[in-house]
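Accompanying notes for the structure given below.
Coordinate-derived values only; no laboratory data. It should be emphasised that the depicted structure is a prediction, and the values quoted were computed from it without experimental measurement. A quick note on method: Cβ atoms are made from the backbone with ideal geometry, for glycine too, and the neighbour counts reach across all protein chains shown.
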Amino acid sequence: MNAIGIDVGGTKCLGVLTDESGNILSWVRRPTPSTADLIDTLHEIVQELADAPTVGVGLPGLITPTGIMQAAPNLKDVVELSVATELRNRCGRKVHVENDATSATYAEWKIGAARGVADAAFVGLGTGIGAGFIIGGQLQRGAHGYAGEIGHMVVQADGIECVCGLRGCWERYASGWALGNFAGGVAGEIVAQRAADGDAKMIEVVEIFSRWVAVGLANLANIIDPEVIVIGGGVIESSAVFMPVVQKWFSQLLYSSASRTHPRLESAQLGERAGAIGAALLGASM
Ligand SMILES: [Zn+2]
C-alpha cells in the first residue's frame, strides 16, 4: 500500500508518496508557512500527492503521542496545535504525527544505515540537533513523546547561550550552526573544502568541531550502548573530512575505550528525505 509522508522543516515542507518499502514515487516541496496556515499547507500537499490511505507527518519540537505540537523552536507562535486531529478532519484519512527526528530515525532503521540492527541511535546535525533511538528493536518515544532531545544535553555548564534559553547545550557546539560559529561565519561546505586543501585554520576548526560532536556521541553511547550510531545532517554526512576526525575523538572519549566493543559510526543514507520517508512508513504502520 502506498503512503504519504510529510516532513515540516524550519524553511520548507517536503511531502513524499512512497510504496510500502519506502521507495519515493513522487514528491512535492512547499515553503513552511506561518503556524496559522500549517494545516492548510499540509492538506494541500496531501491532495497533490494523490490517493494513499495513510498520512504521516514529522514535525519539529515537542510532539505528544496524540499528535499535539506543544512547542517548536522554528515555529515560534505554536501553542498546543492538534495537528493530527485537525489534519484528519480536513483530509478524512488516517493521520499519524511524530517528531521529525524520530521519523528520520525510523527511516534509517527500516531502510537506511541502521537496517537490521536492534540497538541504534540516529543523530542529525542540522541547524540544531535532532536524535532518536531504537532499543531492543523498538522505536523509543519516552513517556511523553519527548525522548531524543539530546541537542539540549548540557556539555558546558554556563557555556554559549542556546535558543532554548539554557546555556551550554550540545547543539551550540556540534550543529551546523556551531560549525559556522567556530569558522567565523564560513559555510560548512567551504570549511570542508578548505580543510581538505590544507588550510591550517580550517583544519583546526574541523578538529574543534569534530571533538565536540564526539563528546555528545560518547555520552550517548555511554547511556544506551547502541550497535550503530547513524550521523545525518548536510555537510557532515556528505563530507569525507569530518567523519574520520569524529571517529578518532569518539574512540578516545568513550568510557573504558581500550577494553570494550565500540559502537560503529555510520553516515546516514537517506539524506534530507529521511524524515518524510520515516513519517510515511510510520503512518502506514499504525
Ligand atoms: Zn538548548
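Structure notes:
- Overall form of the chain per C-alpha gyration tensor (a/c, 1.5; a/b vs b/c): prolate
- Relative contact order of the stretch 186-286, taken over Cα pairs closer than 8 Å and 6 or more residues apart, is 31 percent.
- For the stretch 116-268, size of Cβ-based charge dipole, Lys and Arg +1, Asp and Glu -1, in debye: 160
- The mean sequence distance of close C-alpha pairs (under 8 Å, at least 6 residues apart), as a share of the length of the chain, puts its relative contact order at 22 percent.
- Percent RCO, i.e. relative contact order, over the stretch 46-132, from Cα pairs under 8 Å lying at least 6 residues apart: 25
- Between ILE224, ILE24, ILE134, the Gaussian network model of the chain with springs among Cα atoms under 10 angstrom shows the greatest mean-square fluctuation at ILE224.
- Of all beta bridges that DSSP places with both ends in the chain, some 60 percent have antiparallel geometry.
- With at most 16 neighbouring Cβ atoms within 10 Å, loop chymotrypsin sites (Phe, Trp or Tyr not before Pro) (DSSP) excluded, longest segment of the chain: 1-145
- Size of electric dipole in the chain: Cβ of Lys, Arg +1 and of Asp, Glu -1, about Cα centre, debye, nearest 20: 260
- Of interest is the spacing of the C-alpha centroids, which for the stretch 169-216 and the stretch 71-125 amounts to 28 Å.
- The stretch 15-124 shape via C-alpha gyration tensor axes, a/c threshold 1.5: oblate
- Loop-located trypsin sites (Lys or Arg not before Pro) in the stretch 74-114 (DSSP state other than H, G, I, E, B) with a sparse environment of at most 13 neighbouring Cβ atoms within 10 Å: LYS76.
- Only beta bridges with both residues in the stretch 1-102 are counted; by DSSP, about 65 percent of them are antiparallel.
- Along the chain, the exposed loop sites are GluC sites (Glu not before Pro) outside DSSP states H, G, I, E and B with at most 14 other Cβ atoms within 10 Å, and the longest stretch free of them is 81-286.
- Given charges at Cβ of Lys, Arg, Asp, Glu: the chain dipole, positive-most of TYR146, GLY126, THR66: TYR146
- Most mobile of GLY165, GLY116, GLY61 in a GNM of the chain (Cα contacts under 10 Å): GLY165
- Gyration tensor (alpha-carbon) shape descriptor, the stretch 66-106, a/c threshold 1.5: oblate
- Looking at the stretch 250-286, the trypsin sites (Lys or Arg not before Pro) that sit in a DSSP loop and have at most 16 other Cβ atoms within 10 Å of their own Cβ are ARG260.
- Membrane-span-like helices of the chain, defined as complete DSSP H segments with a Cα extent of 20 Å or more along the helix axis and a mean Kyte hydropathy of at least 0.0, are identified as 200-224.
- Helix-only CD estimate at 222 nm, as mean residue ellipticity for the chain, using -39500 (n - 2.57) per DSSP H run (n ≥ 4): -11000 deg cm²/dmol
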